[in-house]
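The values are calculated or read from the model by the stated rules, or taken from the named source; none is laboratory data. What you see is a predicted model, and the numbers here were worked out from it, not measured in a lab. Quick reminder, even Gly has a Cβ in these numbers, built from the backbone with ideal geometry, and neighbours come from all protein chains shown.
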């Protein structure tokens, strides 16, 4: 077993807080003295009920969620939400407004089309190869839209909404899979928020859904039971067996976030981390950010070497790995380099990366 | 932390093999020397690919699955399969044959109805309060049915198919959530088998689907991408981020099963375990099995005290718990007592339970 300190820049599943990993390990085979592991426990037991209730309370506290909203722990990831959202919220004769900032919003739009919805493409990022989100405050939304869909942070292009659009009376649905709880968000501006947990708030296997209660009532009778939000609201996410271990880990991660001081503290650290990494990149004259500076993501820092030197980038990834900095290869759709620096990435990881980047530039510049 | 040996008779999530739990704990924060946990690793990494490929190879080996079948690791449990199966396999104008042996097959039938399918109720267990499955070899199936659905073991009533019906050319779909890999099954007799992992083959969060390849082609274009088997076949269960830790655990459990000698050995032990428990129950004159002896489950042993003495049953559950025998309360739908004795329950657990049962009967008989 290696003693090298490793920093994991994977885009997701991603690094989890070290104290959370150690706690989960410690109680893995004997959960709080019960004699067996929580992973072996019934989802209908008091032991697990305490976990899922604490997880919900943590999420509500961290995000300041009012009683007008339900907090659900589902399965299937954002990809299943791309279908569940229109299945539940589309309205015959009314279009769905989509803001296409690449891959994930595009996939969501595709599912709405499969389900027969009419689309109003409010923002089309493809004209800029998704390198910018433009100015969302300038977008206008037809007020008879069933809902509007955005993806708050794009992991592939490294873009992130700095401000959210004003959709008026149209419910705003946000896929926050890659920046949930990384910054303070006013939940009351949204009709529905969903997020796969595996970047900022837990391991893979659980999908957080925050839904304004009235919206759950739209769902037509023809939608299967498991795909209706109302089913999971009624049974408090225990209609069937959920991914219990994933929810347990989400609870531990959100416990940890509260101990850190909550989302404002975490946001401040995320801002410092991103600022240091972008600054190192910008002043290098060697690395080059790939997207509009105005919408740079604080979660996924995407960059190239020079004008996109693939050989050097390959060398970068492999030498970084040898130095204990892993997961720095860009998404296969765009190539290049990417450092994903979610909540659990410590400042020391950023320092190790910027030090390595400077050395690598010196040796290869 | 208590040093008492605890036996966990939960109906699911359920006991996992001790060596699996200890191995998972050992490598939890530093997976095979990589410097971080597998739960933090990308699902597209070589480390995780090795896991999911080994999991599939293990399942194929343990169940003797031919290349005509695909093996998938999905999310959402059997409850989502209740919808996915008809979404993918129903055919306009052709009925679906259902064999209703209680709760789970009933729920599956309900989803098919929601989706507009016509139902042919081949077996209606409600007339016997689901206390028997009758003789499945005597059932006849209309040969123009789109498919036939059975649930191979009912966790609530403690009934299990001893022989499967002959559906002729009609594809047989089986929900094997509670007895998968507990006994040798000829997969070639089935069109599709699905099973939530959390009873016999892993923790909650992953659903095993075994599907005859030609059946996946039936799915109409109007079904969302995530809900089509063909999507997951094409991407080898990596269309989106799966529940990576659950799949990893399933791999460890199936490794363990292979080390035990595979399904035939496990089946032999399951037969011994069930025989001892039923014998102790039958000879007691105090406990009473709740279902037809001819279709007793080897996984879920359901019984009452006398004619159903609720006070004594409550006492039984609480004293058993104090003695380290947990999870013995019957399902809330039927009450009474239930011992779930899946693959990972050791013979020593059965011995501890039968000893306790005899003592309890002596003290309270």
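(1) touching a helix residue (DSSP H, G or I) at 6+ places or on another chain (Cβ under 7 Å); (2) more than 16 Å from residue B:291 (Cβ to Cβ): which one isn't true of residue B:142, the others all being true?
Tallying (1) touching a helix residue (DSSP H, G or I) at 6+ places or on another chain (Cβ under 7 Å); (2) more than 16 Å from residue B:291 (Cβ to Cβ), residue B:142 fails exactly one: (1).
Restricting the search to the range B:1-19, which residues are surrounded by 24 or more Cβ atoms within 10 Å (Cβ to Cβ) and part of a helix (DSSP H, G or I)?
Across the range B:1-19, there are no qualifying residues.
May I ask you to list the residues in the range B:199-225 that are at the interface with chain A (Cβ under 10 Å from one of its Cβ atoms), buried (at least 24 other Cβ atoms within 10 Å of the Cβ) and in contact with a helix residue (DSSP H, G or I) (Cβ under 8 Å, 6 or more places away or on another chain)?
B:202, B:203, B:204, B:205, B:206, B:207
Give me the residue from the range B:306-340 that is closer than 13 Å to residue B:287 by Cα and in a loop (DSSP other than H, G, I, E, B) and, out of that set, nearest to the chain's Cα centre (by Cα).
Narrowing the range B:306-340 to residues closer than 13 Å to residue B:287 by Cα: B:306-310, B:312-313, B:316, B:336-339.
Retained after the next criterion (residues that are in a loop (DSSP other than H, G, I, E, B)): B:306-309, B:336.
Details: B:306: 29, B:307: 29, B:308: 27, B:309: 29, B:336: 21 Å.
Residue satisfying both the conditions and the ranking: B:336.
As an exercise: evaluate residue B:18 against (1) at the interface with chain A (Cβ under 9 Å from one of its Cβ atoms); (2) in contact with a helix residue (DSSP H, G or I) (Cβ under 9 Å, 6 or more places away or on another chain); (3) at pLDDT 95 or above and give the number of the one condition it does not meet.
Status for residue B:18: all satisfied but (2).
Give A:116, A:134 a once-over and let me know the one that is assigned to a loop (DSSP other than H, G, I, E, B), under 22 Å from the mean Cα position of the chain (by Cα) and either modelled with pLDDT under 95 or assigned by TED's automatic domain parsing to the domain that holds residue A:226 (or both). Lay out the reasoning, then the answer.
Details: A:116 fails: under 22 Å from the mean Cα position of the chain (by Cα).
Answer to the check: A:134.
State the number of residues belonging to the range B:63-84 that are within 14 Å of chain A (Cβ to nearest Cβ) and either assigned to a helix (DSSP H, G or I) or at pLDDT below 95 (or both).
Matching residues across the range B:63-84 total 8.
In this structure, is residue B:303 touching a residue at least 24 places away in the same chain (Cβ under 8 Å) and in a helix (DSSP H, G or I)?
Numbers: touching a residue at least 24 places away in the same chain (Cβ under 8 Å): yes; in a helix (DSSP H, G or I): no.
When the stated conditions are applied, residue B:303 does not pass them.
With the structure loaded, tell me whether residue B:276 is within 22 Å of residue B:154 (Cα to Cα) and assigned to a helix (DSSP H, G or I) or whether it fails that test.
Numbers: within 22 Å of residue B:154 (Cα to Cα): yes; assigned to a helix (DSSP H, G or I): yes.
Against the criterion (within 22 Å of residue B:154 (Cα to Cα) and assigned to a helix (DSSP H, G or I)), residue B:276 qualifies.
Sort out which residues of the range B:231-247 are more than 7 Å from chain A (Cβ to nearest Cβ) and touching a residue at least 24 places away in the same chain (Cβ under 8 Å), and write them in order of number.
Correct list: B:232, B:233, B:236, B:237, B:238, B:247.
May I ask you to list the residues in the range A:30-48 that are buried (at least 21 other Cβ atoms within 10 Å of the Cβ) and either at the interface with another protein chain (Cβ under 8 Å from one of its Cβ atoms) or at pLDDT below 95 (or both)?
Answer for the range A:30-48, where residues must be buried (at least 21 other Cβ atoms within 10 Å of the Cβ) and either at the interface with another protein chain (Cβ under 8 Å from one of its Cβ atoms) or at pLDDT below 95 (or both): A:36, A:37, A:39, A:40, A:41, A:42, A:43.
Name every residue in the range A:279-294 that is assigned to a helix (DSSP H, G or I), touching a helix residue (DSSP H, G or I) at 6+ places or on another chain (Cβ under 9 Å) and in contact (Cβ under 8 Å) with a residue 60 or more places away in the chain, in order of residue number.
The answer is A:280, A:281, A:284.
Buried (at least 23 other Cβ atoms within 10 Å of the Cβ) and over 19 Å from residue A:240 (Cα atoms), is that true of residue A:92?
Considered against the rule, which asks whether it is buried (at least 23 other Cβ atoms within 10 Å of the Cβ) and over 19 Å from residue A:240 (Cα atoms), residue A:92 comes out as no.
Can you confirm whether the range A:275-296 contains a residue that is within 14 Å of chain B (Cβ to nearest Cβ) and surrounded by fewer than 24 Cβ atoms within 10 Å (Cβ to Cβ)?
No.
Looking only at the range B:297-333, which residues are surrounded by fewer than 15 Cβ atoms within 10 Å (Cβ to Cβ) and within 21 Å of residue B:153 (Cβ to Cβ)?
Hits for the range B:297-333 are B:332, B:333.
The conditions are (1) under 30 Å from residue B:340 (Cα atoms); (2) surrounded by fewer than 21 Cβ atoms within 10 Å (Cβ to Cβ); (3) within 12 Å of another protein chain (Cβ to nearest Cβ), and residue A:54 fails exactly one of them. Which is it?
Going through (1) under 30 Å from residue B:340 (Cα atoms); (2) surrounded by fewer than 21 Cβ atoms within 10 Å (Cβ to Cβ); (3) within 12 Å of another protein chain (Cβ to nearest Cβ) one by one, residue A:54 breaks only (3).
Looking at the range A:85-102, which of its residues are touching a strand residue (DSSP E or B) at 6+ places or on another chain (Cβ under 8 Å) and within 10 Å of another protein chain (Cβ to nearest Cβ)?
The one that is touching a strand residue (DSSP E or B) at 6+ places or on another chain (Cβ under 8 Å) and within 10 Å of another protein chain (Cβ to nearest Cβ): A:86.
Within the range A:324-337, is there a residue that is in contact with a strand residue (DSSP E or B) (Cβ under 7 Å, 6 or more places away or on another chain) and more than 28 Å from residue A:180 (Cβ to Cβ)?
Scanning the range A:324-337 turns up no residue that is in contact with a strand residue (DSSP E or B) (Cβ under 7 Å, 6 or more places away or on another chain) and more than 28 Å from residue A:180 (Cβ to Cβ).
Just checking, does the range A:103-111 include any residue being modelled with pLDDT of 95 or more, assigned to a loop (DSSP other than H, G, I, E, B) and either in contact with a helix residue (DSSP H, G or I) (Cβ under 9 Å, 6 or more places away or on another chain) or within 12 Å of chain B (Cβ to nearest Cβ) (or both)?
No, the conditions are met nowhere in the range A:103-111.
Select, from A:245, A:194, A:239, A:190, the only residue that is closer than 30 Å to residue B:16 by Cα and either in contact with a strand residue (DSSP E or B) (Cβ under 6 Å, 6 or more places away or on another chain) or surrounded by fewer than 24 Cβ atoms within 10 Å (Cβ to Cβ) (or both).
A:239
Can you name every residue in the range A:122-153 that is without any contact (Cβ under 8 Å) to a residue 24 or more places away in the chain and under 19 Å from residue A:169 (Cα atoms)?
A:138, A:140
Scan the range A:12-28 and tell me whether some residue there is over 25 Å from the mean Cα position of the chain (by Cα), under 25 Å from residue B:241 (Cα atoms) and either outside the structural domain of residue A:199 (by TED's automatic domain parsing) or touching a residue at least 40 places away in the same chain (Cβ under 8 Å) (or both).
Within the range A:12-28, not a single residue is over 25 Å from the mean Cα position of the chain (by Cα), under 25 Å from residue B:241 (Cα atoms) and either outside the structural domain of residue A:199 (by TED's automatic domain parsing) or touching a residue at least 40 places away in the same chain (Cβ under 8 Å) (or both).
Looking at (1) at pLDDT 95 or above; (2) in contact with a helix residue (DSSP H, G or I) (Cβ under 8 Å, 6 or more places away or on another chain); (3) farther than 15 Å from residue B:210 by Cα, which is the one condition that is false for residue B:55?
That leaves (3) as the condition not met.
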